Amino acid sequence: MSGLVSLSVTRSAAEDAAPVERRFDTDLTIQQLKMKLELVTGGNSATMQLELYDANNKFISKLDNNDVQLSTYPIISGMRLHVIDKFLMLNEFSDTSNVEKFTLSEEEYNKKSDTVKAFLLKNKLGRYNEEEMKQLKEQQELEEKEELGLAALINIGTRCEVRVPNQPCRRATVMYNGPLEVNKGGTWIGVKYDEPLGKNDGSVNGKRYFTCPPKYGGFVKPVYITVGDFSVDEYDLEDEI
């Protein structure tokens, strides 16, 4: 079934980085999906491998057929798409401090015909396909514009419900609206949940964006926020076992 799915994107070259949430059309082929992921991960579609996990981090499938559509796989919003880029991982060796460094100028590197870059250029793949990259950039700019439009309707201090796919609806108060330093671009909404159902205390990687008790804070994308005159959920510790 065609349509849009919202996925959390992670990559093997940056395991500690926060997931990046993106929406994808399920009519895309896996090869087209990889091309879009170049802008998200900085990798190369020619060297990418994709793995799909559910909301509970259970492995679902490898997306290993470049010619089929994304809808071929059992994919729904809220899942995690993990990008393994062997080309980027070439830099992840252990201690090389005692190895003599071989340096090659960019000019000399560009003259070589047996490099990954030469292969990509010759076949107009990945970031070297100017028309494809232009289209991807335009789509990304459109998505960012839509996200900013949604965020503009969410004011700090207002009540809201957080409705993330495959997760229970949670009521909260909006505490922050803007970018996060751990993410390159994108707008996030910081919320203080009525109950201890969050992941933090209003800070991420040592950077504080607002203050609340531990486990009451969270950051979500604007698309998952519904603003309204919602009452406060009362949380009774005596109800906990």
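The values are calculated or read from the model by the stated rules, or taken from the named source; none is laboratory data. Since this is a predicted model, take the numbers as computed values, not measurements. All Cβ positions, even for glycine, are placed from backbone atoms using ideal geometry, and neighbour counts span all protein chains on display.
On inspection, residue 215 qualifies as outside any strand (DSSP E or B) and not aliphatic (A, V, I, L, M).
Considering every residue within the range 5-24, establish whether at least one is out of contact with any Pro (no Cβ under 7 Å at 6 or more places or on another chain), over 21 Å from residue 219 (Cβ atoms) and surrounded by fewer than 17 Cβ atoms within 10 Å (Cβ to Cβ). Checked against the condition, which is being out of contact with any Pro (no Cβ under 7 Å at 6 or more places or on another chain), over 21 Å from residue 219 (Cβ atoms) and surrounded by fewer than 17 Cβ atoms within 10 Å (Cβ to Cβ), the range 5-24 yields no hits at all. Looking at (1) part of a helix (DSSP H, G or I); (2) modelled with pLDDT of 85 or more, which one does residue 21 not meet, given that it meets all the others? The failed condition is (1).
Within the set 12, 61, 6, 77, the sole residue that is more than 26 Å from residue 180 (Cβ to Cβ) and among the polar types (S, T, N, Q) turns out to be 61. Here 140, 135 are screened, and the one residue that is modelled with pLDDT of 70 or more, more than 30 Å from residue 209 (Cα to Cα), part of a helix (DSSP H, G or I) and of a type in the set (S, T, N, Q) is 135.
Among the criteria (1) of a type outside the set (S, T, N, Q); (2) at pLDDT 85 or above; (3) within 18 Å of residue 136 (Cα to Cα); (4) within 12 Å of the chain's Cα centre (by Cα), the one residue 78 does not fulfil is (3).
In this structure, does residue 85 turn out to be touching a Gly at 6+ places or on another chain (Cβ under 6 Å), outside the structural domain of residue 226 (by TED's automatic domain parsing) and at pLDDT 75 or above?
When the stated conditions are applied, residue 85 passes them.
Residues in the range 138-154 that are under 10 Å from residue 186 (Cβ atoms) and of a type in the set (D, E, K, R): 143, 144, 147.
Of the residues making up the range 39-50, those that are closer than 13 Å to residue 82 by Cα, touching a Leu at 6+ places or on another chain (Cβ under 7 Å) and of a type outside the set (Gly, Ala, Ser) are 48, 50.
The residues in the range 35-66 that are outside any strand (DSSP E or B) and closer than 29 Å to residue 218 by Cα can be counted, and the count is 13.
Filter the range 30-58 down to the residues that are touching an Asp or Glu at 6+ places or on another chain (Cβ under 6 Å) and polar (S, T, N, Q) and list them by number. Within the range 30-58, 45, 47 meet the criteria.
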